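Chemist: This structure is in structure tokens; I'll ask about it shortly.
The values are calculated or read from the model by the stated rules, or taken from the named source; none is laboratory data. All figures in this text were calculated on a predicted structure; none of them were measured in a lab. We place every Cβ from the backbone using ideal geometry, glycine too, and count neighbours over all the protein chains shown. Calculation scope for accessible area: heavy atoms of the full protein, side chains included, ligands and nucleic acids excluded. Shrake-Rupley method; radii C 1.70, N 1.55, O 1.52, S 1.80 Å.
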Amino acid sequence: MTGPTIGRLAAADTRWVAERIAEAFLVLPATRWLVPDEAKREAVFADNFEILVDHAMRHGLVFGTADRDAVAVWFPQVGDESPAPVDYADRLAAACGEWTPRFQHLDELFAANHPHPDHHHLALLAVRPGRQGQGLGTALLRHHHAWLDAHGVPGYLEASSEAGRDLYARHGYRLREVFRLPDGTPFYPMWREPAVG
């Protein structure tokens, strides 16, 4: 049995990728603190993720399954050289409105806990809710891990749930020091050394 077909996505795919991530992330505990208004939560996240996905189309790597049910957003990180999205502060405020300070706080937490050695950062991995648990996330991980292993490059991510943490642990990621949102919701930073041989 073969796995799903995976390909690199292009700028024209930016909006649906952002919407796919927002849809998949609504179940995560952090989303409730970031956007307390449930009625507006998905739209705010779609607009916020569009900023990151657009940036990844220019400076990173965005992969998806052919059926559009799963996507992964990676950023190569070389030392501290990582350009910010163009007009990020204004775009963040436009996307997040009254909750902008909460997203800024999250950005600061991510920055404070981000490792400095060269690596690829898995910023976002999302699977359509009805397709979760069917191996699509695993396929996306294996797809890029093959490149990381071939080139001796580590991987890094911030898991936002225990289920995510456990999935990534099965793929060789090791837990670093947990950090938390003001309401106590944890994030699990994880590091993966490239496989040898």
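Chemist: Within region 106-156, can you find the residues that are aliphatic (A, V, I, L, M), under 12 Å from Pro76 (Cα atoms) and under 15 Å from the mean Cα position of the chain (by Cα)?
Modeler: Leu122, Ala123, listed by residue number.
Chemist: One residue is enough: does region 21-29 have a residue meeting the conditions touching a Leu at 6+ places or on another chain (Cβ under 6 Å), of a type in the set (A, V, I, L, M, F, W, C), within 23 Å of His120 (Cβ to Cβ) and open to solvent by less than 40 Å² (accessible area, probe 1.4 Å)?
Modeler: Yes, some residue in region 21-29 is touching a Leu at 6+ places or on another chain (Cβ under 6 Å), of a type in the set (A, V, I, L, M, F, W, C), within 23 Å of His120 (Cβ to Cβ) and open to solvent by less than 40 Å² (accessible area, probe 1.4 Å).
Chemist: Counting only residues that are assigned to a helix (DSSP H, G or I) and either of a type outside the set (Gly, Ala, Ser) or open to solvent by 30 Å² or more (accessible area, probe 1.4 Å) (or both), how many does region 53-107 have? Before you say what the answer is, go through the steps one by one.
Modeler: Let us first name the residues in region 53-107 that are assigned to a helix (DSSP H, G or I), namely 53-59, 88-107.
Applying the additional criterion that residues be either of a type outside the set (Gly, Ala, Ser) or open to solvent by 30 Å² or more (accessible area, probe 1.4 Å) (or both) yields 53-55, 57-59, 88-94, 96-107.
Matching residues across region 53-107 total 25.
Chemist: Quick check, is Asp183 surrounded by fewer than 18 Cβ atoms within 10 Å (Cβ to Cβ), in contact (Cβ under 8 Å) with a residue 60 or more places away in the chain and over 20 Å from Pro4 (Cβ atoms)? If you could, list the steps in order and put the result at the bottom.
Modeler: Numbers: surrounded by fewer than 18 Cβ atoms within 10 Å (Cβ to Cβ): yes; in contact (Cβ under 8 Å) with a residue 60 or more places away in the chain: yes; over 20 Å from Pro4 (Cβ atoms): yes.
In short, yes.
Chemist: Can you find a residue in region 123-140 that is outside any helix (DSSP H, G or I), without any contact (Cβ under 8 Å) to a residue 60 or more places away in the chain, surrounded by 13 or more Cβ atoms within 10 Å (Cβ to Cβ) and not β-branched (Val, Ile, Thr)?
Modeler: yes
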